[in-house]
1. Is the C-alpha gyration tensor of region 3-52 telling us rounded, prolate or oblate? Criteria: a/c under 1.5 is rounded; beyond that, a/b larger than b/c is prolate, otherwise oblate.
2. Compute the length gained on full extension between residue 81 and residue 27: take 0.36 nm times their separation in residues and subtract their Cα-Cα distance, giving the result in nm to one decimal.
3. Under 25 Å Cα-Cα from residue 2, which lysines qualify once same-chain neighbours fewer than 8 residues away are excluded?
4. Which residues in region 66-81 have a backbone N closer than 20 Å to a point placed 7 Å from the Cα of residue 90 along the Cα-to-Cβ line?
Amino acid sequence: MKLSTVLIMIGCVNKGLSEVFYRIGLRVGTRPRWFIFGSILVSLFCGTGLFWGTYENNLEHLYTNKHGPYDLERRNMEAYFPASTKGRFDPSRLLRIGRFARLVMIGVNYMVN
């Protein structure tokens with residue numbers, strides 16, 4: 001294609017889009033209450049979906065197959081290298097992501113040097 005034909009095609013698209021947005025702007029400008037009220041209604045309607053949604057915290061469920069090769073590998077790792085939560089516990093060595101907490105306690109008379 002020649003450059004001139006491409007520029008003509010772009011000009012046609014530009015004119016068409018300008019006309020469409022001009023008409024939309026006229027409609028919004030003549031009836032702003034309807035568009036504001038309609039936008040609020042659509043937002044409220046879409047916001048109700050947040051009440052029905054569920055939050056999935058299990059990463060294994062989200063990112064792995066139900067009966068994929070990862071299950072067999074994890075069972076083998078748990079059998080050969082059991083994770084001990086006593087003593088020197090390192091959360092990065094856990095094979096199953098669960099809930100745990102760390103608690104840092106500082107005495108009242110703790111002095112920082």
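1. Working: a/c = 9.44, a/b = 2.09, b/c = 4.51.
Oblate, since a/c reaches 1.5 and b/c is not below a/b.
2. 12.6 nm
3. Partners found: 15.
4. 74-81, by backbone N distance to the label point.
Every read-out reported here was derived from the displayed coordinates using simple, explicitly stated rules and does not represent laboratory data. Keep in mind that what you see is a predicted model, and the values were worked out from it rather than measured. Cβ coordinates were reconstructed from backbone atoms using ideal geometry, including for glycine residues, and neighbour counts include every protein chain displayed.
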